[in-house]
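As structure tokens, the structure follows; a few thoughts come after it.
What follows is calculated from the coordinates using simple rules that are stated; it is not laboratory data. Just so it is clear, the model here is predicted, and its values are computed rather than measured. Counting neighbours? That spans all protein chains shown, and the Cβs are built from the backbone with ideal geometry, glycine included.
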Amino acid sequence: MKFAIRLIIFYFFNVTFVLASPCVILISFDGFRWDYLNRGLTPNLVSFASKGVRAISLEPSFPSGTFPNHYSIVTGLYPENHGIIGNHIFNPFYKTVFSLRDSNAVTDPRWYLGEAIWETARRQGILTASFFWPGSELTLEYRRPDYFVPFNSKIPYKKRIDSVIQWLKLPYEKRPKFITLYFEETDKKGHDFGPNSPQVDSAIKICDNLFGYFLEKLKNIQFLDSVNIIVVSDHGMTEIHPNQIINLSKFLQVGEIKANSYGYLVSISGNKDSISKVYNILKQNENNFNVYRRNDLPKNLNFSQNPLIGEVVVLPEFGWIVAIDSSEYTYKVKATHGFDNHWLDMHGVFIAGGPAFKQNYTTGTLRNIDIYPLICKILNIVPRQNIDGKIECIEYILR
Ligand SMILES: [Zn+2]
């Protein structure tokens, strides 16, 4: 009898503990523009959103690129503060280059400032896992999720989902409570064919089918009602007009400078005299672009407090591209992103559901830097103190 009571007490506490311990799954569909949900192609995502929370859009941080924003989402920091100020970064002090195509650079912890959510969670005893996320593969063990997979675009999308399901099926003490998933389909097709192409419509459908597949799998293992799912994208996408590409090379034949061109921005560093010359020349020729000293960049971009940003920065006006070698934009891509994060074309999606979230709730635009403190709140962990995100700006979507 005593044994039976003890068993009941043991079972009760264990089950209570299991139910009380929250789980968050963060899914990114790269380059999934905010309005892709309005095309009638996403029954699974829309139905999930209608039961939980849907924001009109998710505002990225500047620049609205893949690495900067995925890392803003998991750190709550603007790129100027987490250090990943672009997909390609030149460090003029050490003459080193960060590039998302360079596996040594993307795994080098020295580029990544701040603290990702998995680091915060691990430190507080919560197991984490990632089936891809920028910044999840660092060579420092304690700065990575407990379980992670090095990025490999050849791993089929469904296999990524199946692996996450396997993690969720692990015994309780080995099961991660925070998991990321990443799919690049919409970004790839967006660049190659443009956001209004049939190929992007197909990519949107692929994403929605994958989401449906994931929900089905969660249901099969009886997890669907107990996990919190947040679906985001890092940025949107906008078409390039081939006759609206500004070629700056003719202005830049000035002394010793190094200019890096990204389409949405040209960053220029060099010695003091050359920098002054190049600034003056560009200023006199401002036409469909604006030139700034780093510290004079518009405050709402939150993009000046990092020494790796060039001393002179050129930004295009809406609809234009700034380049040094314009051929890249004329021939290779149909659409791009990275521009002013306030432009709606740059906005992504945010939908969420699960026990932590309000139901049938639609809200306005959310900021991606607020997601880190939101996840900390759901997981009952203490966020890092000095972050840019503010829990007050987003916690109203929770129950
Ligand atoms: Zn992206």
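Structure notes:
- Subtracting the Cα-Cα distance of Lys332 and Ser21 from 0.36 nm times their residue separation leaves 107.2 nm of extension gain.
- Taking every DSSP helix (H) stretch of at least 4 residues in the chain, weighting each as -39,500 (n - 2.57) and dividing the sum by the residue count yields a mean residue ellipticity at 222 nm of -9000 deg cm²/dmol.
- For a straight C-alpha distance cut-off of 20 angstrom, the lysines reachable from Lys277 (same-chain residues fewer than eight places away being disregarded) are Lys250, Lys258.
- Sites Glu239 and Ile165 - FRET efficiency at Förster radius 25 Å, r taken between beta-carbons, to 0.05: 0.10
- log₁₀ of I(q)/I(0) at q = 0.14, 0.19, 0.24, 0.27 Å⁻¹ - the stretch 33-103, Debye sum with one point per alpha carbon: -0.60, -0.84, -1.03, -1.14
- Taking amide H atoms as placed 1.01 Å from N in the peptide plane, the amide H of Gly263 lies under 5 Å from those of Val322, each 5 or more residues away in sequence or on another chain.
- Range of Cα positions in the stretch 242-332 per principal axis (Å), largest first: 34, 31, 23
- Amide proton proximity set for Phe148, modelled H, under 5 Å, gap of 5+: Ser130
- Straight-distance candidates among the lysines for linking to Lys188, with alpha-carbon spacing under 28 Å and chain neighbours fewer than 8 residues away dropped: Lys154, Lys158, Lys159, Lys205, Lys217, Lys332, Lys334.
- Built amide H within the under 5 Å cut-off of Asn290, gap 5+: Leu315, Glu317
- When you restrict to C-alpha pairs under 8 Å that are six or more residues apart and normalise by the size of the chain, the relative contact order lands at 30 percent.
- Inter-centroid distance (Cα atoms) of the stretch 154-187 relative to the stretch 252-296, Å: 44 Å
- For the chain, dividing the convex hull volume of the Cα atoms by the residue count gives 138 Å³ per residue.
- Per-residue Karplus couplings for the stretch 336-345, computed as 6.51 cos²θ - 1.76 cosθ + 1.60 with θ equal to phi - 60°, are listed in order as 7, 7, x, 6, 2, 5, 8, 6, 4, 4 Hz, Gly and Pro entered as x.
- Taking every full run of DSSP H in the chain, the ones that stretch at least 20 Å from end to end by Cα along their long axis and average -0.5 or higher on the Kyte-Doolittle scale are 2-20, 198-220.
- Charged neighbours of Glu59, selected by a Cβ distance under 13 Å, balance to -3 (K, R count +1; D, E count -1).
- Kirkwood hydrodynamic radius of the stretch 346-399, from inverse mean 1/r over distinct Cα pairs, in Å: 11.9 Å
- Within straight-line cross-link reach of Lys390, lysines at Cα separation under 16 Å, skipping those fewer than 8 residues along the same chain: Lys377
- Here the simple spin-label model places points 7 Å from the Cα toward Cβ, and for Asp273 and Ser103 these points are separated by 4.6 nm.
- Spin-label model, Thr96/Gln253: points 7 Å from Cα along the beta carbon direction are separated by 3.6 nm.
- Each Lys and Arg adds +1 at its Cβ and each Asp and Glu adds -1 at its Cβ; summed about the Cα centre, the stretch 242-332 shows a dipole of about 120 debye.
- Percent RCO, i.e. relative contact order, over the stretch 303-399, from Cα pairs under 8 Å lying at least 6 residues apart: 21 percent
- Under Karplus coefficients 6.51, -1.76 and 1.60, residue-wise ³J(HN,Hα) of the stretch 118-126 in Hz, glycine/proline x: 5, 6, 4, 5, 4, 4, 9, x, 10
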